[in-house]
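Report on the structure given below.
The values are calculated or read from the model by the stated rules, or taken from the named source; none is laboratory data. Since the model is a prediction, treat every value here as computed from it, not as a measurement. Here Cβ is always computed from backbone atoms with ideal geometry, including for glycine, and neighbour counts include all displayed protein chains. In case anyone asks, the SASA skips ligands and DNA or RNA and just uses the protein heavy atoms, side chains included. Shrake-Rupley method; radii C 1.70, N 1.55, O 1.52, S 1.80 Å.
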Amino acid sequence: TKFYSGYVSTYLQKDIRDISEGIDELRFFNFITATACRTAQLLNIAEIARDSQIDQKTANRWLDILEMLGIIYYIYPYSNNLLKRTVKRQKMYFYDTGLVTYLTKWSNAETLMTGAFSGAILETFVMSEIMKSYYNAGKEPYVYYYRDVDMREIDIIIEKDGTLYPAEIKKAVSVNKNVARSFNIIAKSGLKQGTGGIINISSKLSAIDKDTLIIPIGLI
């Protein structure tokens, strides 16, 4: 808590002042808190602006600042002519789950693990680790998500050499093949599908079947 308090009040706010003069620091803190509450969700600028008591133009500009500072990033929906009726909005994530829990006032890991926000935090952590693994290797991350108007969803789609590798993120030790049923969306579309994965809190690498791995979070 002390680390993130100092980080927000000293480094983050200083960087913000250097980028844009005249920002109301209290309103900006309310804004970044409202944004943190929506990590791993479809970006909804109107809701963020409402909760921050700012207009949407300002919210857009401040989101650009957070992205510029490496605080947030976006994952865009996978788009292909063979996949119809897809949602077009990007999902927003924080890189640092510690900053998110500080801003959203989760006092300890035990409380967070049983809270309603635990799924979003887990997804944020997994996505951040995937993105950083690409950047640390000097590679461009071709990482997407899928959701359509019928609410069918795939948490992660990684594209490599024309093949799509789907993955789901689950806060569970044991999973079954029903968790991967949404992967059929890719196969039925005619696109080339690679091995899928269920990323969860299990302790060892295993598999549901020949096409779907169970991947412990510690391995990513």
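Here is the list for the range 154-190: trypsin sites (Lys or Arg not before Pro) lying in DSSP coil, each with at most 16 other C-beta atoms within 10 angstrom of its C-beta, are Lys171.
Computed from backbone phi with θ = phi - 60° and the Karplus coefficients 6.51, -1.76 and 1.60, the 3J(HN,Hα) list for the range 206-216 is 8, 8, 7, 7, 5, 9, 9, 8, 9, 10, x Hz; x is used for glycine and proline. Once the Cα atoms are used to define both axes, helix 25-36 deviates from the longest principal axis of the chain by about 10 degrees. Entry note, the range 1-122: relative contact order of 28 percent, from Cα contacts under 8 Å with a spacing of 6+ residues. Computed from the coordinates I sent, Rg and Dmax of the Cα atoms in Å equals one of [x] 16.4, 51; [y] 17.7, 59; [z] 18.5, 57. Tell me the label. Derived directly from the coordinates: [z]. Accessible surface area normalised per residue over the range 3-127 is 52 Å², counting heavy atoms of protein chains with a 1.4 Å rolling probe. 3J(HN,Hα) along the range 171-184: 8, 7, 7, 10, 9, 10, 5, 5, 4, 9, 5, 5, 4, 4 Hz, from the Karplus curve 6.51 cos²θ - 1.76 cosθ + 1.60 with θ = phi - 60°, whole Hz, x for Gly and Pro. Of the GluC sites (Glu not before Pro) found in the range 1-66, those in coil by DSSP whose Cβ has at most 10 other Cβ atoms within 10 Å are Glu21.
Using the Karplus relation 6.51 cos²θ - 1.76 cosθ + 1.60 with θ = phi - 60°, the per-residue 3J(HN,Hα) values for the range 198-204 come to 10, 8, 8, 9, 5, 9, 9 Hz, with x marking Gly and Pro. Here the label points at Glu67 and Leu43, each 7 Å from Cα along the C-beta direction, are separated by 0.4 nm in the simple model. Label-to-label distance, Asp51 versus Lys14, with points set 7 angstrom from Cα along the beta-carbon direction: 2.9 nm. Axis of helix 118-136 versus longest Cα principal axis of the chain: the two differ by about 80°, to the nearest ten degrees.
Across the accessible surface of the chain, with the other protein chains kept in place and a 1.4 Å probe, carbon and sulfur atoms take up 51 percent.
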